[in-house]
Amino acid sequence: RPNQNGDGFEIIAGHRRKEASKWAGIDEVPVIIKDMDDNQAIIAMVDSNLQRECIKPSEKAFAYKLKLEAMKQQGKRTDLTCDQLGDKLNNKKSVQLLAEEVGDSKSQVQRFIRLTALIPELLDLVDEKQIALSPAVELSFLKDEEQYAVLDCIECNVATPSHAQAIRLKKMSQEGTLTTD
């Protein structure tokens, strides 16, 4: 899209193609130039990234979160786009529309987005398949300092919590009874 200064362009999708062309010594590649607002650009970028063959859970989590926020921004004004008898989303929340677009369930999209509340070190363990999605989601409800304590325990014991253990940790955190012991 044209950049905000009007003196060049911003790549929304195709960064890997651009780099591959540069590596191959190709100076020019065909492009499509579109005028897009920021939310449209975010949605197009996320859609492009989600089509990659290998995508880490953390990448999917932040992509879903970014796209959902952009979709919600687009839906702020309903007075100009709705008819008098119905709403523009057919009674569907943005998260449901996103789920339908990406082929995941609404709850699965919400679980991925929840991963964005993990500290980076725990999120890395999810990406490395050392912590499964369900326990990771439960751990994401812990305060940061509690997550760091869990990380210390994982490193000391060379073991990650099961889903049931993660649920107990979350419950103890909510009750205020979770300690490093």
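Key figures for this structure:
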read-out	value
Residue satisfying all of: in the range 97-125; in contact (Cβ under 8 Å) with a residue 24 or more places away in the chain and touching a Lys or Arg at 6+ places or on another chain (Cβ under 8 Å); nearest to residue 72 (Cα to Cα) among these	98
Check on residue 13, over 26 Å from the mean Cα position of the chain (by Cα) and aliphatic (A, V, I, L, M)	no
Residue list for the range 105-127, filter: assigned to a loop (DSSP other than H, G, I, E, B) and within 13 Å of the chain's Cα centre (by Cα)	118
Residues (surrounded by fewer than 17 Cβ atoms within 10 Å (Cβ to Cβ) and not in a helix (DSSP H, G or I)) located in the range 128-156	128, 129, 130, 132, 143
Selected residue (criterion: modelled with the lowest pLDDT) from residues of the range 3-22 that are farther than 18 Å from residue 38 by Cα and open to solvent by 50 Å² or more (accessible area, probe 1.4 Å)	16
For residue 31: the one exception among (1) open to solvent by 50 Å² or more (accessible area, probe 1.4 Å); (2) within 22 Å of residue 92 (Cα to Cα); (3) modelled with pLDDT of 80 or more	(2)
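Residue-by-condition table, conditions (1) at pLDDT 95 or above; (2) more than 21 Å from residue 68 (Cα to Cα); (3) of a type outside the set (Asp, Glu); (4) touching a helix residue (DSSP H, G or I) at 6+ places or on another chain (Cβ under 9 Å):
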{"residue": "92", "(1), (2), (3), (4)": "no, no, yes, yes"}
{"residue": "96", "(1), (2), (3), (4)": "no, no, yes, yes"}
{"residue": "100", "(1), (2), (3), (4)": "no, no, no, yes"}
{"residue": "105", "(1), (2), (3), (4)": "no, no, yes, yes"}
{"residue": "142", "(1), (2), (3), (4)": "yes, yes, yes, yes"}
{"residue": "151", "(1), (2), (3), (4)": "yes, yes, yes, yes"}
{"residue": "165", "(1), (2), (3), (4)": "yes, yes, yes, yes"}
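The values are calculated or read from the model by the stated rules, or taken from the named source; none is laboratory data. What you are looking at is a predicted structure, and each value in this text was computed from that prediction instead of being measured. All Cβ positions, even for glycine, are placed from backbone atoms using ideal geometry, and neighbour counts span all protein chains on display. Ligands, DNA and RNA are excluded from the accessible area calculation, which covers all protein heavy atoms including side chains. Shrake-Rupley method; radii C 1.70, N 1.55, O 1.52, S 1.80 Å.
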